[in-house]
1. Which one is surrounded by the most Cβ atoms within 10 Å (Cβ to Cβ), of the residues in the range 127-167 that are assigned to a helix (DSSP H, G or I) and more than 8 Å from ligand 1 (Cβ to nearest atom)?
2. Please specify each residue of the range 159-202 satisfying the condition of being under 20 Å from residue 23 (Cα atoms) and without any contact (Cβ under 8 Å) to a residue 40 or more places away in the chain.
3. It is to be established whether one or more residues within the range 41-58 are assigned to a strand (DSSP E or B), closer than 23 Å to residue 91 by Cβ, out of contact with any Gly (no Cβ under 8 Å at 6 or more places or on another chain) and more than 8 Å from ligand 1 (Cβ to nearest atom).
4. Which members of the range 168-217 meet the condition of being among the hydroxyl-bearing types (Ser, Thr, Tyr) and in a helix (DSSP H, G or I)?
5. Between residues in the range 118-134 that are over 17 Å from residue 174 (Cα atoms) and of a type in the set (Lys, Arg) and residues that are assigned to a helix (DSSP H, G or I) and within 9 Å of ligand 1 (Cβ to nearest atom), which pairs lie under 7 Å by C-beta distance while being six or more apart or on different chains?
6. Among the residues of the range 18-40 satisfying the criterion of being over 20 Å from residue 65 (Cβ atoms) and in a helix (DSSP H, G or I), which is farthest from ligand 2 (Cβ to nearest atom)?
Amino acid sequence: MRIVLVGPPGAGKGTQAAFLAKKLSIPHISTGDLFRANISQGTDLGKQAKSYMDAGNLVPDEVTIAMAKDRMAQQDAVNGFLLDGFPRNVSQAEALDLALKADDVSLDAVLDLEVPEGEVVKRIAGRRTCRNDSSHVFHVTYSPPKKEGVCDVCGGELYQREDDSEATVRNRLNVYHTQTEPIIDHYRAQDLVVTISALGKVEEVTERALAALKDKQ
Ligand code: AP5
Ligand code: ZN
């Protein structure tokens, strides 16, 4: 399946993507994780992205689209993928449409995670991320690691992301409403959108997502 995951910052996209990708045997492609890996490796791409990310703004399309296309062209994504954090505005969505069309394939579903703003703020405030791999994510109360400050998966140090400060989160939410939400209408016109509530336990949300995706298979 080819799936796009959308939802506000802190909705649980990365958390759900990890389970869904495993269950559906497709790679989880997160542009946020790709940028953070580039930043920690000190690449030129990471240097270009860092200031935008720290401020909670979108990294320019040119850089982002090239990176996403590159990743989607890898062998493990030939038969499907779960995109998390891409596309994030209408021009990225149009670029993705064109790239898929050129390969004679198309999306199966756009899974829209709905969460009230108050809950998103709580989820982000308590989030702790692994320094070795930003897809290893915990929450101080909702999903605490076995040992405080230590990643259960790889033993790495847990920290609070630079863009998780209150002021930056406010800007990220604003960017989401003004730039990302319009892609939902873009995909509604293609009859791809399934909206689910992302409230409740992680496993409950995964079940809800899998049930919603069944209709699109
Ligand atoms: P990105 O990394 O994509 O951040 P985001 O979209 O803001 O999403 P988050 O990672 O904050 O949240 P999430 O929805 O994955 O939630 P999570 O699962 O961690 O992007 C970061 C930046 O990169 C952007 O601001 C931009 O600068 C740049 N960027 C990325 N893609 C780009 C693009 N396409 N174009 C341009 N720029 C781009 O969950 C949050 C917390 O809640 C965790 O602690 C988790 O444990 C907890 N939690 C999850 N589910 C539940 C649950 N059901 N109940 C209780 N707690 C839960
Ligand atoms: Zn880790």
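Nothing in this text is a laboratory measurement; each read-out follows from the coordinates by a stated rule. Quick caveat: nothing in here was measured; it's all calculated off a predicted structure. Positions of Cβ are backbone-derived with ideal geometry, glycine not excepted, and every protein chain shown enters the neighbour counts.
1. Checked the range 127-167; the qualifying residue surrounded by the most Cβ atoms within 10 Å (Cβ to Cβ) is 162.
2. 200, 201
3. No, there is no match, as no residue in the range 41-58 is assigned to a strand (DSSP E or B), closer than 23 Å to residue 91 by Cβ, out of contact with any Gly (no Cβ under 8 Å at 6 or more places or on another chain) and more than 8 Å from ligand 1 (Cβ to nearest atom).
4. Result: 168, 176, 178, 180, 187, 206.
5. 127/164
6. Step by step, filter the range 18-40, then rank; the result is 24.
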